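All remarks here apply to the structure that follows.
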Amino acid sequence: MKKQGPTVKVDGKPTVLWYFTGKVLSSQKQKETQISSQSYGTQGNSQVHVSSSTVDHHEFFLADESGKEESFKMVDFDFPCRQGQTLSVVWGVPEGAGAGPFLHVRNHNTEERHQIDPNYIANTFRKPGWMIWGSGLGLVIVTSPVLGPACMLTIFIPFFYFRWRSRKAAKGLLAGKELTQLDGELARIKPMAA
């Protein structure tokens, strides 16, 4: 059964940490390659730019000591595990949200601990678009008498500020004392019998 951990403040917003510990029943990994191309130029002088990116998908099922099963589907959060091992999975759910990002996985058999890259979860703590662009528009209005046409550049300041702030919030959550203490408690759990 999933259990509630501590509540933490992430950029001023309460976020509840949840966790589930169980034996791995099955684990499947897949890689998806996304390819895109662009062509530009004039007739006889065209250029093509091709790029690709790989997305990791990891799906696994855990069963706790009472037999309750949970399925987990993670994207770009890769870690080793195999059937029969005991894992603890931790995720955070911001107030008012129905779900939240996976943060941390502990393999009790190998005693390995894995955390998500904070850049992958930063969008969870991003401010709404209307707030970002509204702030930018406000800056343009306020600075236009002083800066003239150059004030248009100020519209981007809130975008970069709030992007930095959401990344800082994600890093703070992953390095925070609440997650560290929860991981310390989870580290004491012994692997379940195979």
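The values are calculated or read from the model by the stated rules, or taken from the named source; none is laboratory data. Because the structure is predicted, anything quoted here is derived from the model rather than measured. As a convention, Cβ positions derive from the backbone with ideal geometry for all residues, glycine included, and neighbour counts pool all protein chains shown. Just so you know, the surface numbers come from the protein's heavy atoms only, side chains and all, with ligands and any DNA or RNA stripped out. Shrake-Rupley method; radii C 1.70, N 1.55, O 1.52, S 1.80 Å.
For the residues H108, H114, the requirement of being surrounded by 14 or more Cβ atoms within 10 Å (Cβ to Cβ), within 14 Å of the chain's Cα centre (by Cα), over 16 Å from G5 (Cβ atoms) and not basic (K, R) singles out H114.
Contact annotation: residue pairs with Cβ atoms under 7 Å, 6 or more positions apart or on different chains, pairing a residue in region 90-113 that is closer than 13 Å to R188 by Cα with a partner that is in a loop (DSSP other than H, G, I, E, B) and at pLDDT 90 or above, are N107/C81; N107/Q85; H108/I189; H108/K190; H108/P191; N109/Q85; N109/P191. Among the residues of region 127-154, those identified as out of contact with any Cys (no Cβ under 9 Å at 6 or more places or on another chain), free of Cβ contacts under 8 Å to residues at least 24 places away in the same chain and aliphatic (A, V, I, L, M) are L137, V146, L147, A150, M152, L153.
Number of residues in region 68-80 that are more than 24 Å from E178 (Cβ to Cβ) and either β-branched (V, I, T) or at pLDDT 95 or above (or both) equals 5. Scanning region 8-27 for residues being free of Cβ contacts under 8 Å to residues at least 40 places away in the same chain and in a strand (DSSP E or B) gives a total of 1.
To keep it simple, each residue is scored yes or no on (1) part of a loop (DSSP other than H, G, I, E, B); (2) out of contact with any Asp or Glu (no Cβ under 9 Å at 6 or more places or on another chain).
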residue	(1), (2)
V50	no, yes
D56	no, no
E59	no, yes
G67	yes, yes
M74	no, no
P80	yes, no
L87	no, yes
V90	no, no
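A Cβ distance below 7 Å, combined with a sequence gap of six or more or placement on separate chains, defines the contacts here; from region 157-180, residues that are closer than 28 Å to L139 by Cβ reach residues that are open to solvent by less than 80 Å² (accessible area, probe 1.4 Å) and of a type in the set (K, R) in the pairs F162/K127.
If L17 passes every condition in (1) closer than 19 Å to A187 by Cβ; (2) touching a helix residue (DSSP H, G or I) at 6+ places or on another chain (Cβ under 7 Å); (3) modelled with pLDDT under 95 but one, which one does it miss? Exception for L17: condition (3).
Residues that are under 19 Å from I116 (Cα atoms) and of a type in the set (S, T, N, Q) within region 30-70 comprise Q30, S53, T54, listed in sequence order. Of the residues making up region 63-105, those that are more than 12 Å from the chain's Cα centre (by Cα), under 12 Å from Y19 (Cα atoms) and buried (at least 20 other Cβ atoms within 10 Å of the Cβ) are L87, S88, V89, V105.
Of the helices (runs of 4 or more DSSP H) lying entirely inside region 117-194, those containing at least 3 residues that are open to solvent by 60 Å² or more (accessible area, probe 1.4 Å) span 129-147, 157-175, 177-187.
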